[in-house]
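See below for the structure under consideration.
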Ligand code: ZN
């Protein structure tokens, strides 16, 4: 995607003094004359910033402003090792709330709404982001935080919550509880604003139906403000990204090369307006693609697709990058396939062979046609040739994790 004039101006202004402001980038860009850069091509030669780099800056090494200008910190979950601490200035906090208010408006939420906030508050960015955007919008915040389903449902009924926010898994839990108690008609829910995670369309629709809401996918990550840097619109055909705060690129996660618009790869973000800790070419490890063209909603903000996975899930075979979500989608689209499958990748006689085992409830006689249709479908959707093998329902081992459906036996 080409940088627009506003992005260019801001990105190169940032580069012009980043080394004098940020010890982190002074070290990272040692020997690179970023001060004099002025073209997108030059920008694209800059090394990526990765989460591992940020850990080394612990605790406050990412700060690009004097300490007196830092008004808040957030920290991304350190499931492994040292956490990452992100400093925010007053303007960063404001900018984030402005973006979040925009998200609510995109979802049609108004000051008449009552927003129940179930993400956590504290070091993690989510809850406070939902809260700040809600207050800026002028809606009523019901700051629940996570858990305590009993109380959540009670507040939802008594305070007539109209917008529920949270993770998809928590929305699922609430929807099951609501169904179990048969209280859907006593609720006033209209919309759900749900963190963008990969979950099948069928699952998603079933949660939305039992809550009686329309879902909007919100995107973000702690390192870049937090949730709220983009959201889907009424057309649900991707996520509009606030490109007046961030610039984004899609790269091949293996080679680092920039991919043409429309191709799926890793999302890389530059937060060019951020003062406290501006990140330049930050690797999100989220897989998505830029959706070319205009959205029918009329918004001028560019779109990325729903996040389809993490770069760790990605496998390269015969020069094609593949990931489980593509198989999920293709297989659930074929009548006769139940949706359970397993992909085996082997290296035999000098070449890579992909075998796709999928379950079917069709009888032996009609399986050959089904296998042929499956191979054709995968070829057209993903661009690789697989050997399809239909098996009985229950034949394949069950696994909670979708990623465990891929077995790479080549190495
Ligand atoms: Zn739209």
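Numbers for the structure displayed
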read-out	value
Region 231-255 versus region 40-86: alpha-carbon centroid distance in Å	21
Relative contact order [Cα under 8 Å, 6+ residues apart], the chain, whole percent	12
Förster radius 51 Å - calculated FRET efficiency between residue 42 and residue 181 (Cβ-Cβ, nearest 0.05)	0.30
GNM result for the chain, Cα springs below 10 Å: residue of 132, 333, 64 fluctuating most strongly	333
Neighbour-count order for 106, 37, fewest beta carbons within 10 angstrom listed first	37, 106
Order of 242, 124 under a 10 Å beta carbon neighbour criterion, fewest first	124, 242
Highest-fluctuation residue, 94, 364, 223 considered, GNM on the chain with Cα pairs under 10 Å	364
Pairwise centroid distance, computed over Cα atoms, of region 343-393 with region 102-177, Å	43
Region 80-164: C-alpha gyration tensor shape, a/c 1.5 cut-off, then a/b vs b/c	oblate
Additional length obtainable on full extension of the chain from residue 203 to residue 389, 0.36 nm per residue less Cα span	64.4 nm
Per-pair calculated FRET efficiency, R0 = 41 Å: residue 320 and residue 27 via Cβ, rounded to 0.05	0.65
Point-to-point label distance, residue 69-residue 111, nm (Cα→Cβ direction, 7 Å offset)	3.3
Gyration tensor verdict on region 265-321 (Cα atoms; rounded if a/c is under 1.5, prolate if a/b is larger than b/c, oblate otherwise)	oblate
Cα gyration tensor category, rounded, prolate or oblate, for region 90-310 with a/c compared to 1.5	prolate
Chain lengthening between residue 6 and residue 355 when straightened (0.36 nm per residue, less Cα-Cα)	120.8 nm
Mean Cβ neighbour count within 10 Å, used as a protection proxy, ranking 270-280, 26-36, 10-20 highest first	270-280, 10-20, 26-36
Mean Cα-pair separation over length for region 140-262, i.e. relative contact order, pairs under 8 Å, 6 or more apart, %	16
Percentage of interatomic Cα-Cα distances in region 322-410 larger than 21 Å	24
Normalised alpha carbon radius of gyration of region 208-332 [divisor 2.2 N^0.38 Å]	1.10
Dimensions in Å of the chain - Rg and Dmax from alpha carbons	23.0, 75
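All of the numbers you see were taken from the coordinates with simple rules; none came from a lab. This structure is a prediction, so every number in the text was calculated from the model and none was measured. Virtual Cβ from ideal backbone geometry, glycine too; neighbours counted across all protein chains shown.
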